[in-house]
Amino acid sequence: MNICVFCASSSRLAPEFVECARSLGAWIGKRGHTLVWGGCNVGLMDVVGRSARDAGARTIAIIPEFLVARGLAFEPCTERVVTRDMAERKAGFRQRADAFVALPGGVGTWEEVLEVIALRKLAQLAAPIVIANVKGYYDPLLELVRQSIAEGFSTPDVARLYAVAADAPGIAACLEQPLVQTARLDLGPVG
């Protein structure tokens, strides 16, 4: 399975976040999966990349040329795809991934995971999505989903578009027993 991992480029993180990235990368390699990710040599991107590679995973880095020019490319990857921009990078993730995992991250990670959730809602993507709610990091996002449903902005099925796990073993469990694929969702409000 090609597992796309969205995650932080920050290195100023609590050890629980680092450990989750390390454990997830190691699991990807030990299970014979492929890591598809942003391919930077900083933060959780570096941790998950090194752990996956060290555990024998094939690693596909998809990175825009402006980040390569800044010296941020993860060097020991199996394959590097250099894109013109972030939009092309995200398209590359979607083309290569069989599943998506959102580790804790900032604005870029939020944008990436919300885009795949929206595409799944619109029946344009069928891959499982797992939100890694390490230390309750994504609690505010999950509350926003609940509020969106309660206020009528989203239909209740939106909460079935992804799974939530608290740690790397939970992420692995979600990926080993993929989410039930909903062939036809009630598209209701698109927003």
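Some notes on this structure:
- Close pairs from segment 22-49: first closer than 18 Å to residue 75 by Cβ, partner charged (D, E, K, R) and assigned to a helix (DSSP H, G or I), Cβ under 6 Å, at least 6 apart: 36/96; 47/22
- Positions within segment 128-140 being within 13 Å of the chain's Cα centre (by Cα), over 16 Å from residue 158 (Cβ atoms) and in a loop (DSSP other than H, G, I, E, B), in sequence order: 133
- Check on residue 27, outside any loop (DSSP other than H, G, I, E, B), in contact with a His (Cβ under 9 Å, 6 or more places away or on another chain) and among the aromatic types (Phe, Trp, Tyr): yes
- Test: residue 40 is over 13 Å from the mean Cα position of the chain (by Cα), within 19 Å of residue 97 (Cα to Cα) and not hydroxyl-bearing (Ser, Thr, Tyr): yes
- If you check 88, 143, 111, 115 for being closer than 25 Å to residue 13 by Cα, over 14 Å from the mean Cα position of the chain (by Cα), outside any loop (DSSP other than H, G, I, E, B) and of a type in the set (Asp, Glu), only one passes: 143.
- Residue within segment 8-24 that is modelled with pLDDT of 95 or more, closer than 29 Å to residue 124 by Cβ and in a strand (DSSP E or B) present: no
- Residues satisfying the criterion are present in segment 60-78 (criterion: surrounded by fewer than 20 Cβ atoms within 10 Å (Cβ to Cβ), among the hydroxyl-bearing types (Ser, Thr, Tyr) and either at pLDDT below 95 or in contact with a helix residue (DSSP H, G or I) (Cβ under 8 Å, 6 or more places away or on another chain) (or both)).
- If you go through segment 93-104 and keep only what is outside any helix (DSSP H, G or I), in contact with a strand residue (DSSP E or B) (Cβ under 6 Å, 6 or more places away or on another chain) and surrounded by 17 or more Cβ atoms within 10 Å (Cβ to Cβ), you end up with 97, 99, 100, 101, 102, 103.
The values are calculated or read from the model by the stated rules, or taken from the named source; none is laboratory data. Only a predicted model underlies this, so the values are computations on that prediction, with no experimental measurement involved. Because the Cβ atoms are built from the backbone with ideal geometry, glycine has one as well, and the counts that use them run over all protein chains shown.
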